1. Hey, got the dipole for the chain? About the Cα centre, +1 on K and R Cβ, -1 on D and E Cβ, debye to the nearest 20?
2. What does the C-alpha gyration tensor say about the overall shape of the chain? Classify as rounded when a/c is under 1.5, otherwise prolate if a/b is larger than b/c, or oblate.
3. In a shell of Cβ-Cβ distance under 10 Å around residue 73, excluding residue 73 itself, what net charge do Lys and Arg (+1) and Asp and Glu (-1) give?
4. Return the long-range amide H neighbours of residue 92 (sequence gap of 5 or more, or a different chain), with a cut-off of under 5 Å between placed amide H atoms.
5. Which percent of the accessible area of the stretch 16-125 is formed by carbon and sulfur heavy atoms (probe 1.4 angstrom)?
6. Pick from 70, 24, 60 the residue whose mean-square fluctuation is largest in a GNM of the chain, springs joining Cα atoms under 10 Å.
7. Compute a Gaussian network model of the chain, connecting alpha carbons closer than 10 Å, and tell me which residue from 82, 34, 110 fluctuates the most.
8. If you take the charge dipole of the stretch 1-100 about its Cα centre, with +1 on Lys and Arg Cβ and -1 on Asp and Glu Cβ, which of 41, 76, 60 is farthest toward its positive end?
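The values are calculated or read from the model by the stated rules, or taken from the named source; none is laboratory data. All figures in this text were calculated on a predicted structure; none of them were measured in a lab. Neighbour counts run over all protein chains shown; Cβ positions are idealised from the backbone, glycine included. Ligands, DNA and RNA are stripped out before the accessible areas are found, and what is left, the full protein with its side chains, is counted by its heavy atoms. Shrake-Rupley method; radii C 1.70, N 1.55, O 1.52, S 1.80 Å.
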Amino acid sequence: MRPSGYLTRPDYRVDLLRRSNRVTAHHRGRRLAASDRAILVDEQDHALVCYFPRSDVDITVLLPIPTHKTHCPFKGDADYWALPESPGQPVAWSYAEPYNEVAALAGHVAFYQDRVDVILGPKAG
């Protein structure tokens, strides 16, 4: 793994906010994920992103894209998934081994909000 961007930018903000709101992800009426344990990520200069625990994602409807990888200097190396009808178009990603500063993202999956409907609902329970 490459060195963390926090070494040169210790002031960079990636805030991980645990919320008990019900968060869902759908694509054309098909539920991809639902959780009341999502992490809301508020990263400097980025839009808010919900990360779902992998156990709350229907991973059986997602196809891994082994040739598509990216690196974020503040989160780490990302793996991607697509939907069967668009196998080359990523709709979700995760960080298997995120940097220590964002270690809570391990085991979580996020969705592109311009490709999947991610809805933050009322507080669960």
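1. So the magnitude is around 280 debye.
2. Oblate is the answer for the chain, as a/c is 1.5 or above yet b/c matches or exceeds a/b.
3. Summing Lys and Arg as +1 and Asp and Glu as -1 gives +3.
4. So residue 92 has HN proximity to 81, 112.
5. C and S atoms contribute 51 percent here.
6. 60
7. 82
8. Most positive-ward Cα: 60.
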